[in-house]
Amino acid sequence: MKTQTKSRIFQERRIFIGITGSIAAYKAADLASKLTQAGARVEVILTEAAQHFVHPITFQSVTGLRAFTDSDLWGSEAHVLHIGLAERADLLIIAPATANTIAKLAHGQADSLLTVTALAARCPLLVAPAMDSGMFEHPATQANLKILEDRGVILVGPAEGRMASGLIGKGRMVEPAELMGHIRRILGREGPLAGRKVLVTAGGTHEPIDPVRVIANRSSGKQGFALAQAALDLGAEVTLVSGPVHLPSPVGVRRLDVITATEMRDAVLSDLEGADALLMAAAVADFRPVKTAKGKIKRRKGPPEVQLESTDDILGLVTSHNKAPKVVVGFAAESQDMIDNARVKLEEKGLDLIVANDITAADSGFAVDTNRVTLIYSDGAIEELPLMSKTEVAEEVLDRVIALLGIEG
Ligand code: CTP
């Protein structure tokens, strides 16, 4: 059986989800499940109204932990429960949050286990509103949201779309997958890379032959996107320069989409200012057609001669640049003599670290979710890592970047 890839950011984190009375409460079950599967310890508090939509057992089943309701507020542990719940949380999420609960939070009302807990909690609070668009737009709700925002509450959404009334408008709770991105951003915001800028490149570039055809490579972008996510999880400000890929942006990333090697070069060079580290995971084309045909090259004219020229070596330009980041990491996809070839690249390109992998192995390299990499340092040291997920490779590489930056882990 395949095990799920877990990111470090969620491990053993204590997360409380408060659920209030909206039809979006069913999505909270998915959120609780996703967080639990990711390794977090998830406990749930349902309001009275929430229980008209979902049952505590739904949440106990997906989290393996108790789901609390207002009956616990008046139970035998009542005098300590709300303080206890509040103290043991790393994060309190209220999703979905109705207009009514938002009003109570804004004014410090504490008439249910959830609102009592929210008032007692000193951990970050994320609120995902869900309500009819008229209620959302009402000046009272807007004023309450403003109060929460000014107090440092993280508001996510609502999104536009179809609502319970059948109308289209702004009021839908943000989808759990997107909330996960916001949650990891909050959990990581005081990480070792907080205040640091990390530039990551990902995916392959496309070099046009004519308006239809391109010279491309098989990079999926997965390793580069995992690096961007791992850097975000550590609190970094991340710019992700991506070739054409089919991957969603990690929440919080600044993404610059490019197509050709020249565009990638320009994007990287224009973003060097203030960057602490560059992780160059992109598979940049080494050659491009000298000329791009204006019209589609026709088959009946027979095979065309496509003359190629070299593209610029982006890493070479970066390391010789006066704004070169303190740490520059390259990647080497090799099909033979991996260590020797990677070491030559490390030296020629002036890198601090190169991450080499053997693309002929079935479990390593393009499109798969795992990778087996060897790390080679500028002082000659070599470190072989076992087969692991691309998420784990990314976390390991970021550990090395933190050490190379001289940051205490
Ligand atoms: N790279 C780059 N600019 C290029 C080509 C590659 O910055 N025009 C970077 C890649 O992003 C990677 C590293 O250089 O981090 C090594 O890329 P790779 O394709 O393995 O090396 P090449 O120098 O292109 O050598 P070869 O293709 O001959 O193996």
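The values are calculated or read from the model by the stated rules, or taken from the named source; none is laboratory data. Model, not experiment: these values are computed from the prediction. Here the Cβ positions follow ideal geometry from the backbone for every residue, glycine too, while neighbour counts run over all protein chains shown. What goes into the accessible areas is simple: the full protein's heavy atoms, side chains included, and nothing from ligands, DNA or RNA. Shrake-Rupley method; radii C 1.70, N 1.55, O 1.52, S 1.80 Å.
For the reader, a short list of remarks on this structure follows.
- Out of Ala230, Ala194, sole residue that is among the small types (Gly, Ala, Ser), over 30 Å from Thr292 (Cα atoms) and open to solvent by 40 Å² or more (accessible area, probe 1.4 Å): Ala194
- Any hit, the stretch 240-261, residues being within 9 Å of the ligand (Cβ to nearest atom), without any contact (Cβ under 8 Å) to a residue 60 or more places away in the chain and open to solvent by 20 Å² or more (accessible area, probe 1.4 Å): no
- Residues of the stretch 155-191 classified as in a loop (DSSP other than H, G, I, E, B), at pLDDT below 95 and in contact with a helix residue (DSSP H, G or I) (Cβ under 8 Å, 6 or more places away or on another chain), total: 2
- Residue in the stretch 66-77 that is assigned to a helix (DSSP H, G or I) and either open to solvent by 50 Å² or more (accessible area, probe 1.4 Å) or hydrophobic (A, V, I, L, M, F, W, C) (or both) present: yes
- Residue count for the stretch 303-319, restricted to those that are surrounded by 11 or more Cβ atoms within 10 Å (Cβ to Cβ) and either among the small types (Gly, Ala, Ser) or away from the ligand (no atom under 16 Å from the Cβ) (or both): 3.
- Residue within the stretch 359-369 that is open to solvent by 50 Å² or more (accessible area, probe 1.4 Å), within 13 Å of the ligand (Cβ to nearest atom) and within 19 Å of Glu395 (Cα to Cα) present: yes
- Here Glu178, Glu207 are screened, and the one residue that is touching a residue at least 24 places away in the same chain (Cβ under 8 Å), open to solvent by 60 Å² or more (accessible area, probe 1.4 Å) and charged (D, E, K, R) is Glu178.
- Residue match in the stretch 232-254 (condition: within 26 Å of His182 (Cβ to Cβ) and in a helix (DSSP H, G or I)): yes
- Check on Val344, open to solvent by 20 Å² or more (accessible area, probe 1.4 Å) and modelled with pLDDT under 95: no
- Scanning the stretch 327-344 for residues that are free of Cβ contacts under 8 Å to residues at least 40 places away in the same chain, over 18 Å from Arg218 (Cα atoms) and either near the ligand (Cβ under 10 Å from one of its atoms) or in a strand (DSSP E or B) (or both) gives Asn341, Ala342, Val344.
- Residues of the stretch 262-302 classified as of a type in the set (Lys, Arg) and within 11 Å of the ligand (Cβ to nearest atom), total: 2
- One residue alone among Thr20, Thr5, Thr36 is touching a Leu at 6+ places or on another chain (Cβ under 8 Å) and either open to solvent by 10 Å² or more (accessible area, probe 1.4 Å) or at pLDDT 95 or above (or both), and that residue is Thr20.
- Just one of the listed residues (Asp276, Asp271, Asp266) is surrounded by 15 or more Cβ atoms within 10 Å (Cβ to Cβ) and without any contact (Cβ under 8 Å) to a residue 40 or more places away in the chain, and it is Asp266.
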